[in-house]
There are 2 protein chains.
Amino acid sequence: MSIPKPGMPVRGSQSGAPLMAAFDLLGRRWAMGIVWQLSYGSATFRSLQNACGSISPSILNSRLKDLREAQLIERTTEGYRLTEMGEALHRLLLPFGEWSIKWAQLITPEETSRWSQLGPK
Amino acid sequence: MSIPKPGMPVRGSQSGAPLMAAFDLLGRRWAMGIVWQLSYGSATFRSLQNACGSISPSILNSRLKDLREAQLIERTTEGYRLTEMGEALHRLLLPFGEWSIKWAQLITPEETSRWSQLGPK
DNA sequence: CCGCATCGCTACATTAGTCGTAGCGATGCG
DNA sequence: CGCATCGCTACGACTAATGTAGCGATGCGG
């Protein structure tokens with residue numbers, strides 16, 4: 001799967017809106033998780049693998065490739081880090097964290113206090 | 001694929017953060033697009049199908065089921081609409097539209113002026 | 001009441017994406 | 001040299017998405 005072209009989006013998005021192309025890219029498994037992890041600072045392939053838990057190296061590699069082609073992350077000598085565009089995306093994702101906590105409470109009202117240690121950067 | 005349980009997330013997210021569970025749910029194909037479409041107002045199955053373009057009814061149905069179980073959307077007599085939580089999510093997604101336009105310009109610098117008609121609600 | 005159209009949705013076969021594991025070359029270190 | 005770790009690739013097994021066909025229900029004109 002290659003990078004979605006905003007003008008003529010892949011994966012059937014069709015509407016022509018770059019938003020759909022973005023949804024297409026970030027809707028891929030682990031994509032947002034990787035961006036999130038990298039927002040804590042630059043990381044190596046291995047540390048991303050561990051941080052994401054059970055991601056397989058092959059899929060991690062292809063997601064990193066996707067994100068690199070989308071210019072949201074870039075390689076450094078010590079691993080990967082967010083580009084400016086990636087940082088901008090992360091800032092949008094930030095309030096998402098709080099939303100997800102409320103959402104989690106809605107879905108599983110029991111044990112709501114365990115994730116308080118979640119915080120970006 | 002069922003609704004991710006924030007406490008014990010599915011699909012290998014593992015970190016325990018509800019954020020990852022949210023990424024898991026919204027990272028599914030078309031999920032965010034459906035939320036976006038519904039933000040324009042309540043819609044029927046058929047109109048969603050047309051709005052999303054090439055989505056197949058089977059996958060649309062399962063995404064609607066996912067989102068309904070996640071309590072982000074709900075059925076009405078005339079179709080589907082966002083719940084309060086879904087509306088809250090949409091408000092987070094809003095600035096995403098602008099970001100995606102900048103991003104699109106970064107990726108495909110040619111023909112940048114065509115998507116100006118994109119606007120939520 | 002009947003034929004026809006549309007709607008919401010399901011079934012199913014094909015195709016694409018992901019997972020898990022094994023392992024390769026490169027680098028570092030004792 | 002021997003061994004460990006790292007970044008990454010290959011490959012087979014599995015799972016999810018796609019595309020098409022079609023079912024029951026509802027509505028509507030004749």
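The values are calculated or read from the model by the stated rules, or taken from the named source; none is laboratory data. On a predicted model such as this, the values are computed, not experimentally measured, just so you know. For neighbour counting, all protein chains shown are included, and Cβ atoms are generated from backbone atoms with ideal geometry for every residue, glycine included.
For region B:73-93, give me each residue that is within 14 Å of residue A:96 (Cα to Cα) and among the aliphatic types (A, V, I, L, M). Hits for region B:73-93 are B:85, B:88, B:89, B:92, B:93. Residues of region B:62-90 that are within 13 Å of DNA strand D (Cβ to nearest atom) and in contact (Cβ under 8 Å) with a residue 12 or more places away in the chain: B:62, B:63, B:64, B:66, B:67, B:78. For region B:38-67, name all the residues that are within 13 Å of DNA strand C (Cβ to nearest atom), surrounded by fewer than 19 Cβ atoms within 10 Å (Cβ to Cβ) and of a type outside the set (Gly, Ala, Ser). Selection gives B:44, B:45, B:46, B:49, B:50, B:57, B:59, B:60, B:61, B:65. Does residue B:5 fit the bill of being of a type in the set (D, E, K, R), modelled with pLDDT under 90 and outside any strand (DSSP E or B)? Criteria met by residue B:5.
Residue-level analysis places residue A:81 outside the set of residues that are within 16 Å of DNA strand C (Cβ to nearest atom) and at negative phi. Note on region A:37-55: residues that are modelled with pLDDT of 90 or more and under 30 Å from residue B:54 (Cβ atoms) amount to 0.
Does region A:53-67 hold any residues that are away from every other protein chain (no Cβ under 11 Å) and of a type outside the set (Lys, Arg), and which are they? Those that are away from every other protein chain (no Cβ under 11 Å) and of a type outside the set (Lys, Arg): A:57, A:58, A:60, A:61, A:62, A:64, A:66, A:67.
The residue of region A:81-121 that is farthest from the other protein chains (Cβ to nearest Cβ), among those that are modelled with pLDDT of 85 or more and not in a helix (DSSP H, G or I), is A:81. Looking across region A:68-80 at every residue that is aliphatic (A, V, I, L, M) and within 12 Å of another protein chain (Cβ to nearest Cβ), the one that is surrounded by the fewest Cβ atoms within 10 Å (Cβ to Cβ) is identified as A:70.
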